[in-house]
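Peer 1: Dropping the structure in here first, questions after.
The values are calculated or read from the model by the stated rules, or taken from the named source; none is laboratory data. A quick note: this is a predicted structure, and the numbers were derived from the prediction, not measured. Here Cβ is always computed from backbone atoms with ideal geometry, including for glycine, and neighbour counts include all displayed protein chains.
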Amino acid sequence: MKRNTKDLQEWIKKRYYSIREKFKNDSFKFDDVSNALFNLYKDSPEQTKLILSELKRAGLLETTKNPEDRRESIYQVVDILEPLPLFEEHSKLSKDHLTNILKTAADIIRTRVDYTFILLLLFYKALSDKWKDEYETVKEELTKKGLKEKEVIKEAAQPCYHTFHFKNELLWDEIRKEPLKLPENLSKSLKELAELNPDYKDIFSHFDFHQFTSNQENHIILNNLFELFSRYSFEKVEEDILGDAYEWILKYFAPTKAKEGEVYTPREVIRLMIEILDPKPGKWIYDPACGSAGMLIVAYQYVKEKYGKDKSATLFLYGQEYNSKTLALAKMNAVLHRITNIVLSTGDTLLFPKFKEKDSIKQFDYVIANPPWNQDGYDEDTLQRGEYYNYRFPFGAPTKQSADWAWIQHMISSANDKGRVAVVIDTGAVSRGGREKEIRKKVLEKDIIESVILLPEKIFYNTGAPAVILVFNKNKPKENKEKILLINASKEFIPGKAQNFLGKEHIEKIVKTYKEFKEIEKFSRIINRKEIEEVDYNLSPSRFISVFEEENYRDIKEIKDELRDLEKEREEIERRVNKILDMF
């Protein structure tokens, strides 16, 4: 019999193996298998009927009529020659294993459903397993202290011992027991988790699995995803592995989401910006357009690598994001990286900045962002309706067509008197005329622009155009006053089919040049205000630094003389060859 197991859901495959192990070659009745599956998985009789039907359809189960009662079926497992591929339940999870799981998850959903459901399931599974691990640890400690079992069980479940507050019935394995009710139970659990964990309410409120599985195809996808994540335990997984897994999903789906306007900043670009700012422990870092919190997380990781985990915990990380669902992704990202020293808020930064102190906006040591490029709708009339207009936009309002210099001014205003700013933005921001030129002129007069770095083309997923990194320093070294370092890094990349990439060596070269504030032929140049004025306040590195090799033109007489000599040489060789041939 031809066996169709390709589309068989993993949770049904799992039950097939259990049935085969239980009954082997013996025949069995419905009540027998129903009792067995209830004992193993708490499956209801309705679920058992579905399982048997699917196994029969796949050719993994044979049925005959009971000769004593024709209304009753007798079942027997078909022992397939090659076992169906299953991972060991709750096997140890490595980075490679988790990446493979996510690749499978991505293949399951393809483009049929929103990829953020994968992120939430990863988040849910990780938190659930972590709660269990914390629970068992506390139980062991309390038992050693001599507490009775009943007291230990009750005490170990108290919220004070856990990162997230769970009830036993909300744990992953409990929800998994009823595959047919999975969407309904998962949606109910998310609502209850939101109530139990009010600080993270916005994470859970953005996902409705009951509505998501209103069609049968999505129901199957959810079951497959749930069983996929169920194969491994996340109890002892290192924070970097989980965090990297989350980032892998964001990056994997970035090209698709770029078409919808969602921007994923390549991590090598973020790393470059962070290394330029070189944040120190105990400092305050702010991203006013934080997206999924990539820049804040890379800043945390940078300090952790350079100074140690304890020092990274002394950072103060702040981020604001306009899209509430994107902010939910940012919060999940931070939790999976186990970063607790972070504050994330939602809202329109250009109109209503959330971080304030006294009668103004909060000040930070470092401000970093990849804001929306050429965002329209923020002219002077609009910005004046926001908060702290005069303080945040002292150099003037941009045009309605591009808010680039509104973002930049907000970032400059958010930096303290020794603060530094790094922003990656469209190249037009440093070369366009009109109001933007007037703003650049006023910023130049303050002498806070430290460097402009031109990046290669095809680095970003949402555009093939290059970008520039603008670096501002409110406390420029004396020797760099009235000077700006331009870096043309447009040729510093690893070529790819769809995307180019900044390699480690390229980042090191750019950062070294920036820190040493030096000129390198065809790569960097230091300019002064007079030179900028002469080119109408155009700060584009390509305007001052050519990365193309110059053609070496030769004199025509020199070329003719060389051709004449070559002709004479040819004639001499031909004469010698003919002389040798005449000897034969």
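Peer 1: Which residues, counting only those in segment 1-42, are modelled with pLDDT of 80 or more and outside any helix (DSSP H, G or I)?
Peer 2: Hits for segment 1-42 are Lys24, Asn25, Asp26, Ser27, Phe28, Lys29.
Rundown of residues vs (1) small (Gly, Ala, Ser); (2) crowded, with 18+ Cβ neighbours inside 10 Å; (3) in the same structural domain as Pro279 (by TED's automatic domain parsing); (4) assigned to a loop (DSSP other than H, G, I, E, B), yes/no style:
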position	(1), (2), (3), (4)
Gln320	no, yes, yes, no
Ala330	yes, yes, yes, no
Val335	no, yes, yes, no
Arg338	no, no, yes, yes
Asp348	no, no, yes, yes
Val367	no, yes, yes, no
Asn374	no, no, yes, yes
Tyr378	no, yes, yes, yes
Thr382	no, no, yes, no
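Table: residues versus (1) of a type outside the set (A, V, I, L, M, F, W, C); (2) buried (at least 18 other Cβ atoms within 10 Å of the Cβ); (3) under 26 Å from Ser312 (Cα atoms).
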residue	(1), (2), (3)
Leu193	no, yes, no
Ser205	yes, no, no
Gln211	yes, no, no
Asn218	yes, yes, no
Phe229	no, yes, no
Leu250	no, yes, yes
Val263	no, yes, no
Val269	no, yes, yes
Glu275	yes, yes, yes
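Peer 1: Right, another one. Kindly state which helices (runs of 4 or more DSSP H) lie completely within segment 181-286 and contain at least 1 residues that are among the β-branched types (Val, Ile, Thr). Working first, answer last.
Peer 2: Values: elements: 182-196, 201-204, 209-212, 216-230, 239-252, 254-258, 267-277.
Of the helices (runs of 4 or more DSSP H) lying wholly inside segment 181-286, those with at least 1 residues that are among the β-branched types (Val, Ile, Thr) span 201-204, 216-230, 239-252, 254-258, 267-277.
Peer 1: Out of segment 298-318, which residues are in a helix (DSSP H, G or I) and either of a type outside the set (A, V, I, L, M, F, W, C) or over 14 Å from Tyr366 (Cα atoms) (or both)? Full working, then the answer.
Peer 2: So the first thing to find is which residues in segment 298-318 are in a helix (DSSP H, G or I), and the list is 298-307, 309-312.
Answer for segment 298-318, where residues must be in a helix (DSSP H, G or I) and either of a type outside the set (A, V, I, L, M, F, W, C) or over 14 Å from Tyr366 (Cα atoms) (or both): Tyr300, Gln301, Tyr302, Lys304, Glu305, Lys306, Tyr307, Lys309, Asp310, Lys311, Ser312.
Peer 1: Still on this structure: Give segment 49-60 a look and list any residue that's on the phi < 0 side of the Ramachandran plot and either touching a residue at least 24 places away in the same chain (Cβ under 8 Å) or surrounded by fewer than 21 Cβ atoms within 10 Å (Cβ to Cβ) (or both), or say none. Please lay out each step first, then the result.
Peer 2: Keep residues of segment 49-60 that are on the phi < 0 side of the Ramachandran plot, which gives 49-58, 60.
Scanning segment 49-60 gives Lys49, Leu50, Ile51, Ser53, Glu54, Leu55, Lys56, Arg57, Ala58, Leu60.
Peer 1: Inspect segment 145-162 for any residue being under 27 Å from the mean Cα position of the chain (by Cα) and over 23 Å from Arg15 (Cα atoms) and give the result as yes or no.
Peer 2: We begin by selecting, within segment 145-162, every residue under 27 Å from the mean Cα position of the chain (by Cα); these are 162.
Narrowing further to those that are over 23 Å from Arg15 (Cα atoms): 162.
Yes - at least one qualifying residue is present in segment 145-162.
Peer 1: For segment 158-199, name all the residues that are aromatic (Phe, Trp, Tyr) and either out of contact with any Ser or Thr (no Cβ under 6 Å at 6 or more places or on another chain) or assigned by TED's automatic domain parsing to the domain that holds Leu50 (or both). Give the steps one after another, and end with the answer.
Peer 2: Of the residues in segment 158-199, the ones aromatic (Phe, Trp, Tyr) are 161, 164, 166, 172.
The answer is Tyr161, Phe164, Phe166.
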